[in-house]
Amino acid sequence: MSASNRYNRQMILPEIGEDGQHKLSKSKVLVIGAGGLGAAILPYLAAAGVGEIGIVDNDTIEISNLHRQVIYKSSAVGKSKAEEAKRMISELNPLVKVNALAEKLSGKNAISLFEKYDIIVDATDNISIKYLINDACLATNKPMVYGSIFRFQGQVSVFNYQNGPTYRCLYPDKNINALNCEDAGVIGISVGIIGMFQANEVLKMILGIGEVLSGKILVYNILNNEQQKYDFDKSDVQLISRESFEEKYNKFEVEEISFESILHEINKDSVLFLDVRNEEELPKISLKNQIQIPLQHLENEIEKLNKKQTIYIFCQSGIRSKIAVELLQKHQFKSVKSIAGGILAMKQLLATEINL
C-alpha cells in the first residue's frame, strides 16, 4: 500500500494535504516514557506518519501496567517496554523509523539524545525527570510537550515553544509531595485521553496549524468532563545553558541498590535506614537502625542524621528516595544510597525478616 493510500483520510484535509504529510514524514519526535501516556501517544504519532520516533524507557512490562498501557499484550510481561513499543509501531506503520532506547534518561544522555529530535514529549510520571526534560529542552532549544495525571484529572501544556514559557515558569520548585500513578492510583482512560491531547499538540507543531498550548495549561477531569484552560506567563527563571545543565545534573550521581544486597547489614550500627515517606503511608516497618523523616521535612531536620553512617533511603516506590539522596549529597553526605523500588520492592523480603 502506498503512502498516499495510507494517509489519504488526513491528506484530504486542506490544513494537511501533501505538504503537511511531507512535514510529518521529515519530523523526528522523542517520547520519554512508554507507560500509560506513551501508550496513547506513540500509536497516534506513528499512524499519522511521523518519520522518526525515539522511545526512551528502561522499564519492563508488569501485569499491573496492562490496564492502562494498552499497546502491550499479556505475553509481553517481563519484556522491555521500549522494545515492545518499537515492535508495535513497526507492525502498525513500517514506514516509520523507530529508535528504542531501553535506558534511563539522565543528565549524562539527555543533551545528546535531544539534539537528534525536533520535539520532546514528556510521558513520565516522575517529577524530577520532568525538570530534567525541561532543562535539557532549554539547553538544546527544543519544545517540550507536557502531560501529567493525578487520579481522575490530567494536565497538558507545551513548554519552550518558540521561546515561550517553560515548565519552571509554571512550577518553579519541585513538588516533592507529588505522587506517581503507582502511589496515587490511576484509571486507564485518564492517561489515554491526556496522551492523545499530547499527540495532538505534537502534530499541530509539526504541521503549523491550530493553536499550540504554549503559555496555557489544559486541565481535564474525566469524572465530570469539565475542561479549563489557564494562561501563565514566562517568568524571569534563569536560562539554562549546556554548561549550567552539566553542572546541575552531572555533579551528583544517585546510586540505587537492591534491598536484597544489603539484608545482611540490617543490624549494623554503622548503617541507617531512612524512611522518607509520610507518616500515614503503609506498610509500617520496623528495623533496628531506622528513622522516619518525610521528604518535605528532610532539609529542616537534617541534623538528625549522622554523616559517618551509611544511609539507605527508601520511600514507597523509589522516586522520593532518589530526590532525598540528591538533597543529602548537596549537604556533603558521602555514603547515601536509594533502595531501588522502595518498600514495594522490599515488602516480600521484609516479610521474611520482620513482622509487617
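Computed over region 261-326, the quotient of the alpha carbon radius of gyration and 2.2 N^0.38 Å is 1.05. For region 21-70, the convex hull spanned by the alpha carbon atoms encloses 59 Å³ per residue. All Cα-Cα separations within region 1-149 were binned at 5 Å from zero, giving a P(r) of 2, 10, 19, 21, 19, 15, 9, 5, 1, each value a whole percent of the pairs.
The C-alpha atoms of the chain define a longest principal axis, and helix 36-48 lies at about 20 degrees to it.
All other residues with a Cβ under 14 Å from the Cβ of Gly51 taken together, and with Lys, Arg as +1 and Asp, Glu as -1, what is their net charge? Charge balance in the 14 Å sphere: +4. For region 47-130, lysine pairs with C-alpha atoms less than 26 angstrom apart, excluding pairs fewer than eight positions apart on the same chain, total 26. Using the Cβ-Cβ distance between Ile63 and Asp236 with R0 set to 51 Å, the FRET efficiency from 1/(1 + (r/R0)^6) comes to roughly 0.65. Of the peptides 279-287, 97-105, the order by per-residue mean of other Cβ atoms within 10 Å, starting with the highest, comes out as 97-105, 279-287. The C-alpha atoms of the chain define a longest principal axis, and helix 17-26 lies at about 30 degrees to it.
The stretch between Gln329 and Lys73 holds 88.1 nm of extra length on full extension. This uses 0.36 nm per residue minus the Cα-Cα distance. 3J(HN,Hα) along region 104-118, derived from phi through the Karplus expression 6.51 cos²θ - 1.76 cosθ + 1.60 where θ = phi - 60°, amounts to 7, 5, 8, x, 7, 10, 4, 4, 5, 6, 4, 4, 8, 10, 8 Hz, with x in place of Gly and Pro. Over region 68-116, the pair-distance histogram of Cα-Cα distances with 5 Å bins from zero comes to 4, 18, 22, 21, 18, 12, 4 percent, rounded to whole numbers.
For the chain, the solvent-accessible area works out to 48 Å² per residue, with a probe of 1.4 Å and every protein chain left in place. Convex hull volume of the C-alpha atoms in the chain, normalised per residue: 144 Å³. Using the reciprocal of the averaged 1/r over all distinct C-alpha pairs, how large is the Kirkwood radius of region 191-270 in Å? So the Kirkwood estimate lands at 18.1 Å. I need the calculated FRET efficiency for the pair Arg6 and Lys104, taking r as the beta carbon distance and R₀ as 35 Å, to the nearest 0.05. The formula returns an efficiency of 0.55 here. Adding -39500 (n - 2.57) for every DSSP H run of four residues or longer, then dividing by how many residues the chain holds, sets the calculated 222 nm ellipticity at -9500 deg cm²/dmol. Peptides 60-68, 142-150, ordered by how many other C-beta atoms sit within 10 Å of their residues on average, highest first, read 142-150, 60-68.
The values are calculated or read from the model by the stated rules, or taken from the named source; none is laboratory data. Bear in mind that the values here come from a model prediction, so they are computed numbers and not experimental data. Every residue, glycine among them, receives a Cβ derived from its backbone with ideal geometry; neighbour counts consider all protein chains shown. SASA here: full protein model, heavy atoms, side chains in, ligands and nucleic acids out. Shrake-Rupley method; radii C 1.70, N 1.55, O 1.52, S 1.80 Å.
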